[in-house]
Structure formats: structure tokens, C-alpha cells
1. What does the charge add up to near residue 219, with Lys and Arg as +1, Asp and Glu as -1, over the other residues with Cβ less than 12 Å from its Cβ?
2. Rg(Cα) of segment 272-324 divided by 2.2 N^0.38 Å?
3. Treating the Cα atoms of segment 129-173 as identical point scatterers in vacuum, please give the log10 of the normalised Debye intensity I(q)/I(0) at q = 0.15, 0.18, 0.21, 0.22 Å⁻¹, two decimals.
4. So what is the relative contact order of segment 99-255, in percent, for Cα pairs below 8 Å that sit 6 or more residues apart?
5. Which FRET efficiency value, to the nearest 0.05, is calculated for residue 230 and residue 266 with the Förster distance at 25 angstrom and r the Cβ-Cβ distance?
6. Any idea what Rg and Dmax come out to for segment 134-276 if you just take the C-alpha atoms, in Å?
7. Could you pull out every one of the lysines with an alpha carbon less than 22 Å from that of residue 249, ignoring same-chain neighbours closer than 8 positions?
8. For residue 205, what charge total do you get from the other residues with a beta carbon under 11 Å from its beta carbon, if Lys and Arg give +1 and Asp and Glu give -1?
Amino acid sequence: MKTSWRAASLGATAAAVLVLTTACGQDNATTPASAAQNVGATAPAGSPTAGGGVGTGTGTGAGNGYGADGNQSSGSPTTAAPAGKLTVAANPDLGNVLTDGSGLTLYRFDKDTANPPKSNCVDDCAKIWPPVPASDATAGAGIDKSLLGEVTRADGSKQLTIGGWPAYRYAKDVNAGDVNGQGVGGKWFALAPDGKKASLASLPGLSVRKDPKLGDIIVDKNGRTVYRFLKDKAWPKVISNCAGACLEKWPAVAPVKPEDTQGVKKKGLMGFTRPDGVKQMTVNCWPIYTFSGDKAPGDTNGQGVGGTWYAVSPDGKPVGAPSS
């Protein structure tokens, strides 16, 4: 029996609605990747401070090749501080940067290798770039714990690795958020959460960073804070109630593939087409936006605006919104 065009069209529409409502109505969380040897104590990461700008990469002083001055003490280095709970910090020039439990930036060295992991920073180099101990490091939000590992150094100590790359601190970074080691000697670079060199270009479509006031929040590929509008709807159908002038002030986040996200819960992670034809991303089926009033990565100027706009947690909930 032939099916009429009208019946086929209605059937296709019903199927599309079923796909959306099914995806938004059930938990599609995937099994996390198995962890490598976890290599952990915690203090919250601090906020970036003034004067912690990106290093010029020229080094200083006597030019010993490591980026610190030539009168660096030749005595034995003090015991390295534990890594603690690793966090993700937003930097306006570098995007997401990996930090230790005290908020200090972690670095990688171009003369090292990741496969197999090997540290080539020893002796005087290791006084200027202290290796990060592997013993207690744990992964915070937005960090894949399976990327944490360790390498045995020449002196027998265990050093933390991220994606195979040995991790270091820089002696001239004093405050949380400092990145004075960036580019030193053309060989030292801040670590991204995946072990790559930190850069805005390396950010996934959506990822998680730790804000000093709001905690774990989602950011887009440019490191900008992502928001939810309390007047929107997620169930039984995704609806954005921000249009026209509102959408100019709160631009819709374009759809990204689930595999292009990091630290964001997979449930209800999908795109939809708005009535105006604009394609928009959802987290836990809620439409997400950025804010035109945020001028740089790390800004959260949209938080609480009008009592209806709030940053988004990794599970899609509005951070700090009044309970309904």
C-alpha cells in the first residue's frame, strides 16, 4: 500500500520530536575512561593577580639558559610542594592553563619527551624549574584523570606527567595565576589540561574552568563564560526565549560535537535550531549563551544579570541561581 506524502511527513516530524525528547529525558552519561596510575591534596586555586603577564621568553640575568638569574642558589633545592588537586585557570592570552592545588601554573619543556616520558631538566635547571611531585596529584574539573601519570627522574624521584609530558613549576611564579615562565628560552610553555601547550587555539568547543568565586563553570572555545537564561525551557521541548535585541546582547553558542567537549556532562548535550533559524547548543537540554559584556576570557560580568542569567555548571545547572 502506498503511503501518502502527508502521512510520511507527519511520521518524520514525530520521529524527530521523539529523538529530541528521548535524548533530553534520559541520562546518556558515558563510562569514564579508565585512569592511569593516579598520581593529590587540595587548596583552591586563587585568582590571577596583577603583574602576572605572559613572559617574553628572553630570560634574565647571566643568561644561564634556564630563564632565571645567574646568582641562583647552588645549594640543594628544598622539598617540592605537593601538586594537590589540579585545576584549570582561564588566561586571557593562553586560554585554559593547568595549575596546581595552590593555583600556580604548570609548565612543560621542549627538550623533554612524552612518548616515552623523559625529563631532561636536571641539576641547576631543576632548581629554576622545580619538578612537580607525582605522589598526591589528583584531577579536578575539566581534567581527564587518565592523562595523569608519572616518570622516574635520574635521582629516583617520581615526577608528575600530563599526557606524558613531565610537569614543572617556575621559580619566578610567586602568585596564583602568574605565567612568567611562558615562552622562556623558546622552550618552556604553560601546560593545557590535555598536556599540550596552552593556547586559545587549543581549547575544545566547551570545557570547564574553576572560577575563584563561582567554582566549576563551562566556557566556550574562546575561554568565555557560558550562561543560561532562566526563562528558557528544556522539557518537553527545547525553547529559547531570548531573541532579537536579547540575542544581540547574549549571543547563542553554536553547536559543538560532544567529542569536542571536556569535563561537561554528556546528558542532553546537543544542538537545536531556533525559530529564527540560528543553530544553538544545549547542555542538559538547556540553551546556552555568552555575554557581550564579557570582554576577555575569565570575565563573569553576566552572572546574575536581571536575576535571570547565570553561569553554567558542568552538569548544566545555573550556578548561584535562586532555588525555585
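Bear in mind these aren't lab numbers, they're just calculated from the coordinates by the rules spelled out. Everything quoted here is computed from the prediction, not taken from an experiment. Using ideal geometry, Cβ is built from the backbone for each residue, glycine included, and neighbour counts are taken over all protein chains shown.
1. Local net charge: -1.
2. Scaled against compact globular proteins, the figure is 1.22.
3. Debye curve over Cα of segment 129-173, log10 I(q)/I(0) at q = 0.15, 0.18, 0.21, 0.22 Å⁻¹: -0.37, -0.53, -0.69, -0.75.
4. Working: 258 pairs, mean separation 32.2, N = 157.
Here the relative contact order equals 20 percent.
5. Working: r = 23 Å, r/R0 = 0.93.
With R0 = 25 Å, the Cβ-Cβ based efficiency is 0.60.
6. For segment 134-276, the Cα radius of gyration and maximum Cα-Cα distance read 19.2, 64 Å.
7. Partners found: 221, 231, 233, 279, 295, 317.
8. Value of the local net charge: -1.
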